[in-house]
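Have a look at the structure below, then the notes.
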Amino acid sequence: MSIMDHRVLRRAVPAVALFAAVLAWEAFVRLAQVPHFILPAPSRVLVTLWENLGSLAVSWLFTLKITFGALALATAGGVLLAAVFALSPIVELALVPFAVVLQVTPIVAIAPLILIYVESTTAALLLCAWIVAFFPILSNSVLGLRAADPNLRDLFTLYRATPWQRLRWLLVPSALPYFMAGLKISGGLALIGAIVAEFVAGAAGRETGLASRILEASFRTDIPRMYAALLLVTVTGLAIYLLFNLLAKKLLGRWHASELPR
């Protein structure tokens with residue numbers, strides 16, 4: 001099988017499987033005559049999404065703002081802190097416990113406290129999503145910075161490279177594949193954090209995201225609208241993953257084994 005045929009197959013199989021699953025869902029609902037207030041058919045969900053596109057689009061944009069804002073802060077903070085850890089083991093020993101505490105503490109447990117202490121609901125949601133997305137970036141970046149070839153480390157030592165030269169020309173390239181893996185994980189986690197935090201907040205008003213639309217629909221037992229909002233969340237998560245997957249192929253596809261054609 002040629003490389004081109006293999007690439008087409010890798011894209012076609014997931015698409016066919018997804019289409020078959022949706023078709024089976026549609027057929028089951030129609031043949032079993034399941035009421036739409038229990039399980040709406042995919043066609044009904046799409047119609048509901050189109051009919052409520054205006055209100056859902058505003059909430060979707062707010063969710064995107066929280067998600068990418070938290071992801072940007074997590075990326076900047078995680079990479080900078082990982083670089084500090086690589087340059088100073090003492091700082092790493094001092095701060096790693098705090099990072100671990102943030103990771104192992106469930107966001108649903110600390111979100112109510114954050115909402116009490118932070119006056120702005122938007123800022124509180126952003127902070128909750130950041131907490132969820134931060135640790136994978138940090139841990140993967142630190143792991144990548146430690147993964148440099150020992151022989152290259154000795155070579156840099158032989159040439160008396162400064163710490164910054166070592167970081168720029170050796171550690172950063174070796175850490176890039178690990179960082180991209182962490183970015184793929186954190187992208188989805190930032191979206192999850194934004195949704196979960198808004199569920200906990202029970203936010204209402206103009207500045208609200210898709211979680212609020214799901215809550216409103218559940219209170220009204222409007223199941224098709226719940227599925228429509230959930231569809232937007234799912235599509236957003238898939239789009240984030242595919243975006244960073246494409247970015248990884250662009251950055252690593254020519255030289256790293258993880259992204260080479262198989």
Can you pull out the residues in the stretch 86-99 that are open to solvent by 60 Å² or more (accessible area, probe 1.4 Å) and either in contact (Cβ under 8 Å) with a residue 12 or more places away in the chain or touching a Lys or Arg at 6+ places or on another chain (Cβ under 6 Å) (or both)?
-> Leu87, Leu95
Which of the residues belonging to the stretch 128-141 are of a type in the set (Ser, Thr, Tyr) and open to solvent by 30 Å² or more (accessible area, probe 1.4 Å)?
-> Ser139
For the stretch 33-55, state whether one or more residues are surrounded by 11 or more Cβ atoms within 10 Å (Cβ to Cβ) and either under 21 Å from the mean Cα position of the chain (by Cα) or under 28 Å from Pro177 (Cα atoms) (or both).
-> no
Looking at the stretch 16-25, is at least one residue closer than 23 Å to Gly144 by Cβ, assigned to a helix (DSSP H, G or I) and modelled with pLDDT under 90?
-> no
Pick out the one residue from Gly144, Gly182, Gly77 that is farther than 25 Å from Leu238 by Cβ, open to solvent by less than 60 Å² (accessible area, probe 1.4 Å), within 19 Å of the chain's Cα centre (by Cα) and touching a residue at least 12 places away in the same chain (Cβ under 8 Å).
-> Gly77
For Thr208, all conditions in the list (1) of a type in the set (Ser, Thr, Tyr); (2) modelled with pLDDT under 90; (3) surrounded by fewer than 17 Cβ atoms within 10 Å (Cβ to Cβ) hold save one; what is the number of the exception?
-> (3)
Of the numbered conditions (1) farther than 20 Å from Phe62 by Cβ; (2) buried (at least 20 other Cβ atoms within 10 Å of the Cβ), Ala109 fails exactly one; give the number of that condition.
-> (2)
Picking from Ser59, Ser120, the residue that is crowded, with 18+ Cβ neighbours inside 10 Å and closer than 24 Å to Ile192 by Cβ would be Ser59
Where a residue in the stretch 21-34 is on the phi < 0 side of the Ramachandran plot and its partner, wherever it lies, is surrounded by fewer than 11 Cβ atoms within 10 Å (Cβ to Cβ) and assigned to a helix (DSSP H, G or I), with Cβ under 6 Å and at least six apart = none
May I ask you to list pairs of residues, at least six apart or on different chains, whose Cβ atoms are under 8 Å apart, with the first in the stretch 203-225 being under 20 Å from Gly193 (Cβ atoms) and the second being among the charged types (D, E, K, R) and modelled with pLDDT of 90 or more?
-> Arg213/Arg225
Return yes when Ile214 is part of a helix (DSSP H, G or I) and farther than 15 Å from Ser59 by Cβ and no when it is not.
-> no
Residues that are farther than 16 Å from His36 by Cα, open to solvent by 30 Å² or more (accessible area, probe 1.4 Å) and not hydrophobic (A, V, I, L, M, F, W, C), drawn from the stretch 213-257 | Glu216, Thr234, Tyr241, Asn245, Lys249, Lys250, Arg254, His256
Quick check, is Ala83 open to solvent by less than 40 Å² (accessible area, probe 1.4 Å) and modelled with pLDDT of 85 or more?
-> no
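The values are calculated or read from the model by the stated rules, or taken from the named source; none is laboratory data. A quick note: this is a predicted structure, and the numbers were derived from the prediction, not measured. Neighbour counts are summed over all protein chains in view; Cβ atoms, including those assigned to glycine, are modelled from backbone coordinates with ideal geometry. Note: areas computed on protein heavy atoms with side chains; ligands, DNA, RNA excluded. Shrake-Rupley method; radii C 1.70, N 1.55, O 1.52, S 1.80 Å.
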